[in-house]
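J.: Pasting a structure below so you can have a look.
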Amino acid sequence: MQQTSQSTTDTSAMIGARDLLMRGDLSTALAQIEPVAGQDDTAAFMLAQVRAFQGDWQAVRSLSLGLLKKPFSFDPYVDGQDLMKLFILSALALDDWKEAKKRVESLRVHLETMLDMSSEFNRFAEAFNRFEAYIWSEGKGKLPFRISSPVNYASMTEDQYARLSSLSLRTTKDHNRILTFDQLDKNKQRSFYLWKALYNEDLDEALQLFENNSGEFYTSLGQAVQLAQLLAARGQEERAWQILKPAVVAKSSEHPFEVAWLDLLWDPKNRELMTPERCLDLLRSNRTEAKQIVEHPYVSIMQRERLNYICSLARCLTEEAVQELEEQLEENSDDLELRLKLIGAYSKYDAANLARKKPHISWLIEKFPDSSIIEDLLFYLFLNKEAIAEDFEEFKQQWLVSIEKNPQNTKILFNASLLLGADDKALAEELLNRAQSLEPDNGKIAERLYELNAFQVKETSGDQRLRHAQAALKQLDILEKVETPSNTSSAPEPFFRLKMLRRRAWFALELNDLDLCRRLTKDMLKAAEEEGFDSTYEFLGKIIYGRLALKTGEIQKAIELLMSTLDMEPFTHFRHDYPHLTLIAELIEAGKTDAVLEFFALDRKQWPDGYSEWLERLFSEIEAGKPPAVPAVML
């Protein structure tokens, strides 16, 4: 098995080629991507799309098959599905299902030498299995990937549609207001009637609504597609194309290197309309009005997701594949993707794998100490001090040397705090404080310091606990200052305001400022009601009021408030914090274990999948009289 890096060509060159394709400069773009498609996966992916619209299905087969052999090169939920669609389209066009089955059978053999295709972590296998089943059905089974289908409004009345449209107001101060159909804007009214006409296949009515526009109304891509399909079914293909083409040209790309909307070929109703001439017409059209998502910050987000995917899929590598990667690394020790695959492969939390992972993390720290890669892949980079104490100390010293060489680099200080914080929180706090002294208005540093101190509130007691609560509140001051600079008169964004209120209320309670806690909780609930988040914050409000009741000796009231949350689906609210468990722990300290066990007995019915096992262990600890280990509350 030979696995190469995703690309040997400068990414900027591929972005340039993609922009040429989007401008319709087909010949110039092909002159750039054809010579490198054998070495560059991005070039091969773009070329496969072009060849599909050119009708060169043998080339599509070859290119898509070659890329499917490299599951680390793409996201299976986005461009990966497009590759599988392209292969299926080649089988449909060439009508050679037996040959297609042979190719896919060979592809699976290849993949199984590389990956555990039954692993729960294998996102690629999930998509591949559906694709493979469709190939084996020779195109007669269920489509492995859906065809875009807009919401059906055909059975709705005007009032029902108006109520549905009113849902968009749920995040405003008028969230309880339900509009009548007459109160909807003219564009929404027209859109409703156009959808009705399309689903009723009333072509005359649909055309009248579509054409009586004068640029005043917006027509969605879904509406243009359905209208074009109706026209094509009536033999009016040229008119259908005149309507469909502008909508497709203006469509935003779904992933960075999408050349043209593949649903034009994937949907059988569209496929009949896409003659070779129209496909070529589309490729030569200027599509630059569509949203260009290959620019920062979108490309950074996509790259972060891709690097996480590489590490995740690498957990499924076979031992033979891992050994081969190690051998490849001897020849190319500075290959980032090889290192990330090995980091992912060794992300099994036992001493042996952690020790094997350490050299690759050390390399990453040496080469990219201030890179966002450290933060993006944090889940895979943790080492456990207890499992490999000696190696962890070397790892820690490496960070300190890097900091000594770059004492003003706040990104290095921040990254070091992330990786060292799990096992040395005092050092992490010290590093973050140094970073904050250099960049006092850095919101990311303030948020991390808030989280670190919020965690320590749970872990400490007495004066130390109070110190961490005060430090957490200090970071909230900085975050609010960053969000609403003094030179602006704008109010904080509603979600941010609610986040600050709930955090301040919680930590005011930790500082025993009960009056302030009550006032902030009241403000939080009022703001939540104004913004339409009543139920979410009502749950948290009951927990805070329950803790307040305990502080003032009203134990029965605290129990009643906890019990009143039983019908509120707490696990949909602040899921990772479980703030009600803090109240539960405090009730146990107050000697009310029986009330807590009664709560758990009733609450079990709504424990979510993935959390029930942990909650059962917690329940058993409480039954056995042990103090429960509850999570820190970050909110």
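J.: May I ask for the angle, rounded to the nearest 10°, between helix 97-114 and the longest principal axis of the chain, with both axes built from Cα atoms and the value confined to 0 to 90°?
T.: 30
J.: What does the helix-only formula give at 222 nm for the chain: each DSSP H stretch with n ≥ 4 adding -39500 (n - 2.57), the total divided by the residues, and the result rounded to the nearest 500 deg cm²/dmol?
T.: Working: 33 runs with 411 residues, N = 635.
So the calculated ellipticity at 222 nm is -20500 deg cm²/dmol.
J.: Between 0 and 90 degrees, rounded to the nearest ten: what's the tilt of helix 410-420 against the longest Cα principal axis of the chain?
T.: Here the helix axis deviates by roughly 70 degrees.
J.: Still on this structure, please answer the following. HN-Hα J couplings of region 422-432 from phi, Karplus 6.51/-1.76/1.60, θ = phi - 60°, integer Hz, Gly and Pro as x?
T.: 5, 10, 8, 5, 5, 5, 4, 5, 4, 5, 5
J.: Computed over the Cα atoms of the chain, what is the convex hull's projected area averaged over all directions, in nm²? It would help to have the intermediate numbers written out before the result.
T.: Working: hull surface 135.8 nm².
Convex hull of Cα atoms, orientation-averaged projection: 33.9 nm².
J.: Now for a different question. Summing +1 for each Lys or Arg and -1 for each Asp or Glu, what net charge is found among the other residues whose Cβ lies under 13 Å from the Cβ of Gln408? Write out the running numbers ahead of the final one.
T.: Values: positive: Lys405, Lys411, Arg434; negative: Asp370, Glu404, Glu439.
That sum, taken over residues with Cβ under 13 Å, equals 0.
J.: Whenever you get a sec, line up Val482, Val259 from highest to lowest accessible area (probe 1.4 Å, protein heavy atoms).
T.: Correct descending sequence by accessible area is Val482, Val259.
J.: Under the Kirkwood approximation for Rh and a Cα-based Rg, what ratio Rg/Rh is obtained for region 95-136?
T.: Details: Rg = 10.8 Å, Rh = 10.8 Å.
Ratio value, two decimals: 1.01.
J.: Non-local amide H neighbours of Leu115 (under 5 Å, H modeled in plane, Pro and chain starts lacking H): which ones?
T.: Excluding prolines and chain starts, which carry no amide H, the hits are Thr318.
J.: Oh, and also: Treating each Cα of region 424-520 as an identical point scatterer and ignoring solvent, apply the Debye formula and state log10 I(q)/I(0) at q = 0.19, 0.24 Å⁻¹.
T.: Log10 I(q)/I(0), no solvent term: -0.95, -1.27.
J.: Could you compute Rg(Cα) / (2.2 N^0.38 Å) for region 48-129, with N its residue count?
T.: Values: Rg = 12.5 Å, N = 82, 2.2 N^0.38 = 11.7 Å.
My calculation over the Cα atoms of region 48-129 gives 1.07.
J.: Please report the carbon-and-sulfur percent of the accessible area for the chain; probe 1.4 Å, protein heavy atoms only, DNA, RNA and ligands left out.
T.: Working: 14450 of 29990 Å².
Heavy-atom surface of the chain belonging to carbon and sulfur, 1.4 Å probe: 48 percent.
J.: Give the value in nm², to one decimal: projected area of the alpha carbon convex hull of region 316-445, averaged over all directions. Show your work: numbers first, answer last.
T.: Details: hull surface 31.8 nm².
Mean projected area for region 316-445: 8.0 nm², to one decimal.
J.: Probe 1.4 Å, all protein chains in place: accessible area of Ser73 in Å², nearest 10?
T.: Accessible surface of Ser73 is approximately 10 Å².
J.: Let me ask something else about it. How far is helix 462-483 tilted, in degrees, relative to the longest principal axis of the Cα atoms in the chain, given as a value from 0 to 90 rounded to the nearest 10?
T.: Rounded to the nearest ten degrees, it is 40.
J.: Another one. Take peptides 460-469, 116-125, 34-43 and line them up by average Cβ neighbours within 10 Å, highest first, as a rough protection proxy.
T.: On the way: 460-469: 14.2, 116-125: 16.8, 34-43: 18.8.
Top to bottom by mean Cβ count within 10 Å: 34-43, 116-125, 460-469.
J.: Filter Lys186/Lys245; Lys499/Lys626; Lys367/Lys481; Lys357/Lys444; Lys85/Lys348; Lys186/Lys481 down to the pairs with a C-alpha to C-alpha distance above 30 Å, please. All intermediate terms of the calculation are to be shown ahead of the outcome.
T.: On the way: Lys186/Lys245 25 Å; Lys499/Lys626 33 Å; Lys367/Lys481 34 Å; Lys357/Lys444 28 Å; Lys85/Lys348 34 Å; Lys186/Lys481 41 Å.
Exceeds cut-off: Lys499/Lys626; Lys367/Lys481; Lys85/Lys348; Lys186/Lys481.
J.: Mind listing the Cα extents of region 374-482 along all three principal axes, in Å, largest one first?
T.: The principal-axis extents, from largest down, are 37, 32, 23 Å.
J.: Probe of 1.4 angstrom, ligands and nucleic acids ignored: what's the accessible area per residue over the chain, in square angstrom? List each step's numbers first, then the result.
T.: Working: 29990 Å² over 635 residues.
Result: 47 Å² per residue.
The values are calculated or read from the model by the stated rules, or taken from the named source; none is laboratory data. The model shown is predicted, which means the values in this text are computed figures rather than measured ones. When we count neighbours, we look across all protein chains shown, and the Cβ atoms used for this are built from the backbone with ideal geometry, even at glycine. Accessible surface is based on the protein model in full, side chains and every heavy atom, while ligands, DNA and RNA are left aside. Shrake-Rupley method; radii C 1.70, N 1.55, O 1.52, S 1.80 Å.
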